[in-house]
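A quick write-up on the structure given underneath.
The values are calculated or read from the model by the stated rules, or taken from the named source; none is laboratory data. Keep in mind that what you see is a predicted model, and the values were worked out from it rather than measured. For neighbour counting, all protein chains shown are included, and Cβ atoms are generated from backbone atoms with ideal geometry for every residue, glycine included. SASA here: full protein model, heavy atoms, side chains in, ligands and nucleic acids out. Shrake-Rupley method; radii C 1.70, N 1.55, O 1.52, S 1.80 Å.
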Protein chains: 2
Amino acid sequence: MKLATLRDGTRDGRLIVVRRDGTRFAHASAIAPTMQRALDDWDALEPKLRELAERLENDAVESHPVDPTQLRAPLPRAYEWVDGSAYINHIVLVRKARGAEPPATLRTDPLVYQGGSSDFLGPTDDIPLADPSWGCDFESEVAVILGDVPQGTTASEAASYVRLVTIVNDVTLRNIVPEELAKGFGFFQSKPATAFAPFALTPDELGAGWIDGRVHLRLRTTLNGTLVGDPEAGPEMHFSFFDLIAHIAKTRAFGAGTIVGSGTVSNEDRERGISCLAERRMRETIEQGKPTTPFLAYGDRVEIEMQDRAGRDLFGRIEQTVVRYEKKSATGRTKS
Amino acid sequence: MKLATLRDGTRDGRLIVVRRDGTRFAHASAIAPTMQRALDDWDALEPKLRELAERLENDAVESHPVDPTQLRAPLPRAYEWVDGSAYINHIVLVRKARGAEPPATLRTDPLVYQGGSSDFLGPTDDIPLADPSWGCDFESEVAVILGDVPQGTTASEAASYVRLVTIVNDVTLRNIVPEELAKGFGFFQSKPATAFAPFALTPDELGAGWIDGRVHLRLRTTLNGTLVGDPEAGPEMHFSFFDLIAHIAKTRAFGAGTIVGSGTVSNEDRERGISCLAERRMRETIEQGKPTTPFLAYGDRVEIEMQDRAGRDLFGRIEQTVVRYEKKSATGRTKS
């Protein structure tokens, strides 16, 4: 089942069910007005949503064409956004890039940080950047959306809490990272609003691509129309989503709608390219003594997508342009 | 105006308006069903809520007795919980306690971390601790709840975004902190669910106690019935809430209902006592070579409250007991 959130002028948008080919949708408001409400009462509502999805596949319900610009993040705001860093290759390269050592517990203890979640970007929303000297970078990731997770959940119990899978652009301001981490409290200003793909899918939609809490498919990123990376998201994800869930639930519970990210997808095989500019800059530093690839500039366009093994698009495309952010004098929100 | 959230079996509870003396309440569901909905549409709903509060003061509306055990956190779940560390004395003492230096930018750049926010504890909820060796500690704090904050908001603009003020127990697992911070990504497992006071107040209720984004009143903490601290929350809050808001909004926007904490309230004057056990343990280490005060044990009871200058209670009392956490075999939530 493929779900999405339609822009309707409200803070949370309106839940829709999307046809498997991504081209048409049916309103699901009669079942649950919003994605969060569906997640809040998933056990009761999932069967009804699946029935609607089935009717949509069979053209047995009123449907409408999908316009990606009218879609918001599947959860336009969420109660938790916890991002891991589960690809060892990325950790090693990025730490080298800022002259830091990988932690001693690199392979035994997952790295996660808590991100901001009150105001996500939708799949075609611009990246609002106030200052290009902050070093704006994309990070292409896979993410899961959870049901209620009790404190003390183990990795072997975690599968039953994964409701949906999607992909993410975890925008990062690289030049703010070193000073911020030096203070010891982790990322904050260096992680502006995160963007999400149009569609969130139940794991069964990934078929054999969803194994042991990992998505065994390639995540494609293009920059200004040029493919920059298509790494395999599965084999090198050192900690699976189940491991990450067990890690975060050690000391507290999580409510429905919690989003957990994989961290930047990264392969040791350089042929697979990059899912963030920081990795390319590190390789340039190793080979040429200094980075030559600049961070994102105004007008740069990032696209992120994933196909199944038959070449069919899964999550729709994140396609964002970096734009100059100028604060409005009014205090109201403009996104909705 | 004094607002609270009544337990009603749902995830978000039901919004109520509380009389100034904290003894009786009126249902506010007809105006906004939940606290989040009130915050989402504050400009339109605040006047109606204030009118109801006025009628409640004048006994001109149906009211009911307040039972603190029936109250949840003002926001039982929130889209962001951003906790600062704005009291220099606390930072210096706690870093000494774990053998770490205060950051070089101690007085110029605020420390904040992003906390979990999908599953807060209510004012009388037990603290569910799975392992006492984690070193469970309380942290008594002041917090504000915000409206929509645009990216780039300055400290001088921040006052207009503060909707409500409350107090907090930012429960911390001290023995997990050092290893976690050594990994470089900040707190995560070391910060279990945070607890909130019964009532959230509009800043005008604090009168002369609310000045320049600080609460100039004493925050009282008792442990097992004994007063352990009543520091002044105002003068030594190095970064005001307005400074903290400007800091967090530098690179992104925040949605209504974002909660920002002050960090552990702490005074240089030792007569004012402590708002967390870590500070007392540090002083013991300095004077006696090692800490003698243990962290919290099962059965320990923490109470946190604040009065105005006339001695009237403001936020109601956080009163929590540390209990053994045992995971249930079922997957459902039990809190509501």
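Worth a mention:
- Relative contact order [Cα under 8 Å, 6+ residues apart], the range A:1-78, whole percent: 38
- Relative contact order for the range B:141-292, counting Cα pairs under 8 Å that sit 6 or more residues apart, in percent: 31
- Two-site label geometry, A:Glu179 and A:Glu51: point separation in nm, points 7 Å out along Cα→Cβ: 5.8
- Length added when fully stretched, B:Thr69-B:Ala100, from 0.36 nm per residue minus Cα-Cα: 7.2 nm
- If you run the Gaussian network model on chain B, springs between alpha carbon atoms under 10 Å, then out of B:Asn169, B:Asn267, B:Asn224 the most flexible one is B:Asn224.
- The simple Förster model, with R0 at 30 Å and r as the Cβ-Cβ distance, assigns B:Asp269 and B:Asp131 a FRET efficiency of 0.30.
- Contact order relative to length of chain A, as percent, for alpha carbon pairs under 8 angstrom and 6 or more apart: 23
- For chain A, a simple Cβ point-charge model (Lys and Arg +1, Asp and Glu -1, everything else neutral) yields a dipole of about 720 debye relative to the Cα centre.
- In the full protein context, chain B carries 36 Å² of accessible surface per residue, based on a 1.4 Å probe and ignoring ligands, DNA and RNA.
- Inter-copy spacing of A:Asp269 label points, which lie 7 Å from Cα along Cα→Cβ, given in nm from shortest upward: 6.8
- Taking θ as phi - 60° and the Karplus parameters 6.51, -1.76 and 1.60, the scalar couplings of the range A:146-163 work out to 9, x, 5, 10, x, 4, x, 4, 9, 4, 6, 8, 6, 3, 5, 9, 7, 8 Hz in sequence order, x denoting glycine and proline.
- Chain B residue nearest the rotation axis toward A, with distance: B:Gly186, 1 (Cβ to axis, whole Å).
- Pseudo-label separations to other copies for A:Ala310 - Cα-to-Cβ vector, 7 Å, nm: 7.3
- Shielding by partners - mean other protein chain Cβ count within 10 Å, residues of B:106-113: 3
- Listed cross-link partners A:Lys328/B:Lys2; A:Lys96/A:Lys183; A:Lys183/A:Lys327; A:Lys96/B:Lys183 are compared with a 21 Å cut-off, the Cα-Cα value being larger for A:Lys328/B:Lys2; A:Lys183/A:Lys327.
- Inter-chain Cβ neighbour average for residues A:174-187, partner chain, 10 Å: 5
- Euclidean distance between Cα centres, the range A:4-75 to the range B:117-162, Å: 33
- A:Thr23 label point (Cα plus 7 Å toward Cβ) to equivalent points in the other copies: 7.0 nm, shortest first.
- Counting only DSSP beta bridges whose two residues both lie in the range A:107-215, roughly 95 percent are antiparallel.
- Sorting B:117-129, A:250-262 by average packing, meaning the other beta carbons within 10 Å per residue, from highest down gives A:250-262, B:117-129.
- Association of chains A and B removes close to 5500 square angstrom of accessible area from solvent, both sides included, for a probe radius of 1.4 Å.
- Note on A:73-84: average number of Cβ atoms from other chains within 10 Å of each residue's Cβ is 4.
- Share of carbon and sulfur in the accessible area of chain B stands at 47%, probe radius 1.4 Å.
- Cut-off 17 Å, label 7 Å out along Cα→Cβ of B:Arg312, residues of the range B:135-156 by amide N: none
- Sites B:Asp59 and B:Thr154 - FRET efficiency at Förster radius 56 Å, r taken between beta-carbons, to 0.05: 0.85
- Adding -39500 (n - 2.57) for every DSSP H run of four residues or longer, then dividing by how many residues the protein assembly as shown holds, sets the calculated 222 nm ellipticity at -5000 deg cm²/dmol.
- Calculated FRET value between A:Asp212 and A:Lys328, using beta carbons and R₀ = 56 Å, to 0.05: 0.75
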